[in-house]
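Chemist: Right, I'll just put the structure down here and ask away after.
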Amino acid sequence: MRFSITDAVKHLIIINVVMFVGKLTLGDGHLFDELFTMYFPTNDLFKPWQVITHMFMHGSPAHLLFNMFALWMFGTPVEERLGTAKFLFIYFSAGFGALLFQLGYYYFDYYSAMQTLGNLNMSTSLLHEIMNINAIDGDMIRGEILQEKMIPLLNDANFSTSISAAQFSALFDLNVLNLSAMVGASGCIMGIMAAFGMMNPNAKLMMIFLPIPVKAKYFIPGLIILDIISAFTGQSFFSPSNTAYMAHVGGAVLGFIVMWYWKKSDKDKYRWN
């Protein structure tokens with residue numbers, strides 16, 4: 001089988017690899033993460049450009065490898081069919097859709113926690129400081145560390161109101177949300193996969209860990225359903241537990257919407273078939 005790769009796919013892969021090398025080699029491995037990872041907007045490390053740059057960041061070699069393989073496998077036929085401009089439009093539209101879905105999911109938890117804190121009368125600045133406490137121990141965020149680091153902040157602010165267990169739990173949830181970060185091209189690639197599936201509904205696809213051929217029109221919706229289940233239950237099927245599942249869903253939805261519009265539009269310039 002002849003190996004082929006289209007121009008936009010090739011350049012996207014190069015950019016992703018260069019960003020990963022930079023992440024590993026510059027600033028003791030922290031510089032690129034602090035600058036280009038997408039942080040929750042309340043985090044002190046959040047910068048506006050992260051809404052784009054996080055799409056080119058990856059957490060591990062395996063994360064990069066699987067995403068770039070999927071980008072090549074699905075992106076090449078989509079770009080060949082649609083052309084570079086439309087391919088890139090879907091790619092970045094899906095990336096922004098992924099971000100919106102994941103942030104919307106996070107903000108639902110954010111506002112739920114804020115409602116619990118409604119009667120605490122804590123100043124915005126004090127709450128911001130607590131949310132930005134680094135309570136990480138290894139790979140875990142620990143409540144006892146948060147509590148220990150909160151006490152000096154509360155004392156400095158002369159905050160004497162008693163904090164209930166439910167309110168501390170809400171503060172902990174806000175701290176976790178604030179430290180959450182998004183990286184990866186997965187949302188973009190899910191949009192490309194949705195486009196591929198609409199153009200090739202009967203193409204046979206297989207997962208590496210489940211080598212059973214399934215038609216694209218069943219395979220891709222199946223992946224999306226599993227991501228939705230994982231997002232709301234915490235049960236991970238084929239992805240790491242820290243996967244931004246709703247980002248996958250958002251990317252696929254935006255990819256589907258764009259392709260559906262192009263297919264159904266009466267204007268020939270928007271059609272892809």
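Chemist: Only residues that are within 28 Å of Val17 (Cα to Cα), surrounded by 17 or more Cβ atoms within 10 Å (Cβ to Cβ) and over 23 Å from the mean Cα position of the chain (by Cα): list them for segment 184-215, please.
Modeler: The answer is Leu205, and nothing else.
Chemist: Among the listed residues Ala231, Ala166, Ala181, identify the single one that is modelled with pLDDT of 85 or more, surrounded by 13 or more Cβ atoms within 10 Å (Cβ to Cβ) and either closer than 21 Å to Ser125 by Cβ or aliphatic (A, V, I, L, M) (or both).
Modeler: Ala181
Chemist: Filter segment 85-112 down to residues that are more than 17 Å from Phe232 (Cα to Cα) and among the small types (Gly, Ala, Ser) and give me whichever is surrounded by the fewest Cβ atoms within 10 Å (Cβ to Cβ).
Modeler: Restricting to residues being more than 17 Å from Phe232 (Cα to Cα) and among the small types (Gly, Ala, Ser), the top hit is Ala85.
Chemist: Hey, among the residues in segment 1-46 that are among the basic types (Lys, Arg) and either part of a helix (DSSP H, G or I) or at pLDDT 95 or above (or both), which one's surrounded by the fewest Cβ atoms within 10 Å (Cβ to Cβ)? Explain how you work it out, then say what you get.
Modeler: Kept after step one, since they are among the basic types (Lys, Arg), are these residues of segment 1-46: 2, 10, 23.
Add one more test, that the residue is either part of a helix (DSSP H, G or I) or at pLDDT 95 or above (or both), and what stays is 10, 23.
Values: Lys10: 15, Lys23: 23.
Ranking the candidates gives Lys10 first.
Chemist: Across segment 47-93, what is the number of residues that are in a helix (DSSP H, G or I) and either charged (D, E, K, R) or farther than 16 Å from Thr243 by Cβ (or both)?
Modeler: Step one: of segment 47-93, the residues in a helix (DSSP H, G or I) are 50-56, 61-82, 84-93.
From what's left, either charged (D, E, K, R) or farther than 16 Å from Thr243 by Cβ (or both): 50-53, 56, 61, 68-69, 71-82, 84-93.
Summing the residues that are in a helix (DSSP H, G or I) and either charged (D, E, K, R) or farther than 16 Å from Thr243 by Cβ (or both) in segment 47-93 gives 30.
Conditions (1) at pLDDT 90 or above; (2) within 26 Å of the chain's Cα centre (by Cα), marked per residue:
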residue: Phe101; (1), (2): yes, yes
residue: Asn121; (1), (2): no, no
residue: Ser125; (1), (2): yes, no
residue: Ile130; (1), (2): yes, yes
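Chemist: Restricting attention to segment 144-183, which residues are closer than 30 Å to Ala98 by Cβ and assigned to a helix (DSSP H, G or I)?
Modeler: The answer is Leu146, Ser169, Ala170, Leu171, Phe172, Asp173, Leu174, Asn175, Val176, Leu177, Asn178, Leu179.
Yes/no per residue for (1) farther than 19 Å from Phe66 by Cα; (2) at pLDDT below 85:
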residue: Ala203; (1), (2): yes, yes
residue: Met207; (1), (2): no, yes
residue: Pro211; (1), (2): no, yes
residue: Ser236; (1), (2): no, yes
residue: His248; (1), (2): no, no
residue: Ile257; (1), (2): yes, no
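Chemist: If you don't mind, there's one more thing I want to ask. Contact list please: Cβ distance under 6 Å, first residue in segment 17-44 and under 25 Å from Phe101 (Cα atoms), second residue surrounded by 13 or more Cβ atoms within 10 Å (Cβ to Cβ) and of a type in the set (Lys, Arg), pairs at least six apart or on different chains.
Modeler: So the pair list comes out as Phe32/Lys23.
The values are calculated or read from the model by the stated rules, or taken from the named source; none is laboratory data. Computed from a prediction, not measured in an experiment: that's the story for all the values here. We place every Cβ from the backbone using ideal geometry, glycine too, and count neighbours over all the protein chains shown.
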